[in-house]
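J.: Here it is, the structure, as structure tokens.
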Amino acid sequence: MKKFYLALFFSTLLISGCTEETSTDTIGTEDIQGIVASTKETAEKHDVSKFEEYELQDIIDGDTIRIKYNGSSEKVRFLLVDTPETNHETLGEQPYGPEAKEFTKQLLAGQDTVYLEFDVSYRDKYKRLLAYVYTKDGISVQEQLLKNGLARVAYIYDPNTKHVDWFKSIQKTAQKSAIGIWSVEDYVTNRGYDKDAYYAASKDNSKTENDESNTANKSSCVIKGNINSKGNKIYHMPGQREYDHTVAEEMFCTEEEAEAAGFIPATR
């Protein structure tokens, strides 16, 4: 099973793409700020001179913003990508949704305007504007969401497919690195995001960690509990004469623990 990869993943893998550490911690605002700061320094800058500039009003979700368009306040849905939800009326909040929203918010922080690249069709069935979104210095918001494992390529409808091959190549790299939404097996589906798969994996991951911790703790216990041929339950302490030759049915950390399990001390 692919492992969870959150705080450490976002502070190192998103930059280097070369670790498999696991964490179930949530990502704080400071973590996102660090990621975005690195993104702004290293991301490819695209020529936005041929695109249209609009006043930025609000960040609604990881993949949706609000702008002033022809004198009206309008929603812009990012073309060809889908981030987990933060406040959906039926789906609720999905894992990585808040992180995706915070990433978009931080990437666009301090900007009064954004640049929009439109495809063939300007609106979807909900009358929202559809566009590729860029920062004032030319960073593609869609590209960075995909690169950092915070979005999937989705809603590919003709004729708005101009950048689908580009986006899919970025997504493929994120998938191979198992980062963000791709760090949890079966969380991303063709229909969206499966919270049940995410939490099932989280539960299994926690259980494995607890089992490994208990095993490690148990292995450090040195009192040997043995049941002899007469059925007597006897425990042997390190240094006693028969200790090295005793085959342990159980190991105990303390004499109290051994006696609670019905074992009595060896006489020598």
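J.: For region 21-128, what does the alpha-carbon gyration tensor say about shape, rounded, prolate or oblate, given a ≥ b ≥ c as the root eigenvalues, a/c under 1.5 as rounded, and a/b over b/c as prolate?
T.: Judged from the Cα gyration tensor, region 21-128 comes out oblate (a/c at least 1.5, b/c at or above a/b).
J.: Evaluate E = 1/(1 + (r/R0)^6) for Asp58 and Lys172, where r is the Cβ-Cβ distance and R0 equals 30 Å; express this FRET efficiency to the nearest 0.05.
T.: Step by step, r from the Cβ atoms, then E = 0.40.
J.: Fully extended, how many nm does the chain gain between Glu89 and Thr161 (0.36 nm per residue separation, minus their Cα-Cα distance)?
T.: Working it through step by step, the gained length comes to 23.1 nm.
J.: Taking region 165-200, which trypsin sites (Lys or Arg not before Pro) meet the DSSP loop condition and have no more than 13 other C-beta atoms within 10 Å?
T.: Qualifying residues, ordered by number: Arg191.
J.: Enumerate the amide H contacts of Gln57 below 5 Å, restricted to partners 5 or more residues apart or on another chain; note that Pro and chain-start residues carry no placed amide H.
T.: It is Arg66, Ile67, Lys68, by chain and number.
J.: How high is the relative contact order of region 96-190? Use alpha-carbon pairs under 8 Å, at least six apart in sequence, and give a whole percent.
T.: Computed over region 96-190, the figure is 24 percent.
A short reminder: the numbers here are calculations on the coordinates, not readings from a lab. Computed from a predicted model, the values in this text were never measured in an experiment. Note: ideal-geometry Cβ built from the backbone for every residue, glycine included; neighbour counts use all protein chains shown.
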